[in-house]
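Visitor: First the structure, then my questions, so here it is.
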Amino acid sequence: ACDLQMADFFFQAEDGIRDEDELTFAAGMLALATNEQAYKTDAANFWNQFGYGTFVQTFFDWDNKMAGIAVLLSRILGDQKYKTSAQAHCDYWINTETKTPKGLVFINEWGSLRHASNAAFGCLLVADSGIGNAAAYKAFAKQQIDYALGSTGRSYVVGFGNNPPVKCHHRGASCPDMPAPCGWNEYNSPNPNGQVLEGALVGGPDINDNYNDARDDYRANEVALDYNAGFQSALAGLINA
């Protein structure tokens, strides 16, 4: 389809390495939005073509959307293979994946809360689809989001809760009010950010629940769209669970 050929061009430019997951996800989302059989066929064909039966740890991030695609296709196509893949990911995160001493599912050190929040959202979608152990999936999601909100002693959401981050890695938030200058002096300052980036989820702690609220520690303190997307979606899902 012309639409997907154009999508292929842009996704190759964005990623530079692989675009299989973007193509499959694009077809799935077009199928969800339009209910057109052509897009459903494209999504199913891409899944088969690119070997999406392989298990990956992350639910959804900028470079690998496979688990999220399994959940999406389980909802719009309904084939058992997609349901099996979606359930396998949630069961793995709950029963097998490494956890920090305080209970954060530790999927990857780079933005640990990003991955935990996205996994929480994924399991809420799986539960909502009637796949697997819905009660366990909802409980897992709540535990992970509670962790981000501060259930273990501190909040990881800027401007919210107990002892939230004050030096998130974000260029605009680091700047003082205009017309004051903003440059490397502000970046290297030990003081809190000049602006409070309300609601931003930071990267999060290491595997031992240690967290460094430092502007130059982008693994722990970066903020990004794919961090907040899963986090806020999981919050919405828990409110409506």
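The values are calculated or read from the model by the stated rules, or taken from the named source; none is laboratory data. Keep in mind that what you see is a predicted model, and the values were worked out from it rather than measured. Ideal geometry is used to build each Cβ from the backbone, glycine not excepted, and the neighbour counts take in all protein chains shown. Surface accessibility is based on the protein's heavy atoms, side chains included, excluding ligands, DNA and RNA. Shrake-Rupley method; radii C 1.70, N 1.55, O 1.52, S 1.80 Å.
Visitor: Please report, in debye to the nearest 20, how large the charge dipole of the stretch 34-167 is about its Cα centre when each Lys and Arg carries +1 at its beta carbon and each Asp and Glu carries -1 there.
Guide: 360
Visitor: Listed here are the pairs Lys40/Lys83; Lys65/Lys142; Lys65/Lys167; Lys81/Lys142; which of them are more than 24 Å apart at the Cα? Before the final figure, lay out each step's value.
Guide: On the way: Lys40/Lys83 16 Å; Lys65/Lys142 22 Å; Lys65/Lys167 30 Å; Lys81/Lys142 27 Å.
As for pairs spanning more than 24 Å Cα to Cα, those are Lys65/Lys167; Lys81/Lys142.
Visitor: Once label points are set 7 Å from the Cα along Cα→Cβ at both Asn228 and Arg171, what is their separation, rounded to one decimal in nm?
Guide: Spacing of the two 7 Å Cα→Cβ label points: 1.6 nm.
Visitor: Would you mind telling me which residue in Pro164, Pro192, Pro181 has the biggest mean-square fluctuation in a Gaussian network model of the chain, where springs connect alpha carbons within a distance under 10 angstrom?
Guide: For the chain, modelled as a Gaussian network with Cα springs under 10 Å, the answer is Pro181.
Visitor: Run the simple label-point estimate for Asp217 and Lys102 please: 7 Å along Cα→C-beta, distance reported in nm.
Guide: Roughly 1.2 nm, to one decimal.
Visitor: If Leu225, Leu125 are ordered by their accessible area, calculated over protein heavy atoms with a 1.4 Å probe, which sequence runs from highest to lowest?
Guide: Leu225, Leu125
Visitor: Now, a different point. What is the stretch 46-116's relative contact order, in percent, from Cα pairs under 8 angstrom and six or more apart in sequence?
Guide: Here the relative contact order equals 23 percent.
Visitor: Taking the chain as a Gaussian network, Cα atoms linked when under 10 Å apart, which of Trp62, Trp93, Trp47 shows the biggest mean-square fluctuation?
Guide: Highest fluctuation among the options: Trp62.
Visitor: How many percent of the accessible area of the stretch 82-148 is carbon or sulfur, using a 1.4 Å probe? Each step should come with its number before you reach the end.
Guide: Details: 1170 of 2390 Å².
Carbon and sulfur: 49 percent of the exposed surface of the stretch 82-148.
Visitor: Which aspartates and glutamates have a Cα less than 13 Å from the Cα of Lys102, not counting those fewer than 8 places away in the same chain?
Guide: Partners within reach: Asp146, Asp206, Asp209.
Visitor: Per residue, how many Å² of accessible area does the stretch 166-241 show with a 1.4 Å probe?
Guide: 58
Visitor: Mind pulling the angle between the C-alpha long axis of helix 80-95 and the longest principal axis of the chain? Nearest 10 degrees, somewhere in 0 to 90.
Guide: Rounded to the nearest ten degrees, it is 30.
Visitor: Here's something else I'd like to know. If you fit an axis through the alpha-carbon atoms of helix 66-76 and take the longest principal axis of the Cα set of the chain, what angle between them do you get, 0 to 90°, nearest 10?
Guide: 50
Visitor: Nearest 10 degrees, 0 to 90: what angle lies between the long axis of helix 134-149 and the longest principal axis of the chain (Cα atoms)?
Guide: 20
Visitor: Pull out the extension gain between Asp128 and Gln195, defined as 0.36 nm times the separation in residues minus the alpha carbon to alpha carbon distance; nm, one decimal.
Guide: That pair, Asp128 and Gln195, stretches by 20.4 nm at full extension.
Visitor: Next question. Set Lys and Arg Cβ to +1 and Asp and Glu Cβ to -1, take the dipole of the chain about its Cα centre, and tell me which of Trp93, Asn191, Ile107 lies farthest positive.
Guide: Comparing the listed Cα positions along the dipole, Trp93 ranks first.
Visitor: If you don't mind, there's one more thing I want to ask. Is the chain rounded, prolate or oblate when judged by the Cα gyration tensor, a ≥ b ≥ c being the square roots of its eigenvalues, rounded requiring a/c under 1.5 and prolate requiring a/b larger than b/c? Please report the intermediate quantities before stating the final value.
Guide: Values: a/c = 2.35, a/b = 1.48, b/c = 1.58.
Oblate, because a/c is 1.5 or more while a/b does not exceed b/c.
Visitor: What residue among Leu113, Leu201, Leu30 shows peak mean-square fluctuation when the chain is described by a Gaussian network model with Cα springs under 10 Å?
Guide: Looking only at Leu113, Leu201, Leu30, the biggest GNM fluctuation is shown by Leu30.
Visitor: With only Lys, Arg, Asp and Glu charged, each at its Cβ (+1 for the first two, -1 for the last two), find how big the charge dipole of the chain is about the Cα centre; round to the nearest 20 debye.
Guide: Taking the Cα centre of the chain as origin, the dipole is about 780 debye.
Visitor: Here's something else I'd like to know. Under a crude label model (7 Å from the Cα following the beta-carbon direction), how far is Ala136 from Glu109 in nanometres?
Guide: 3.0
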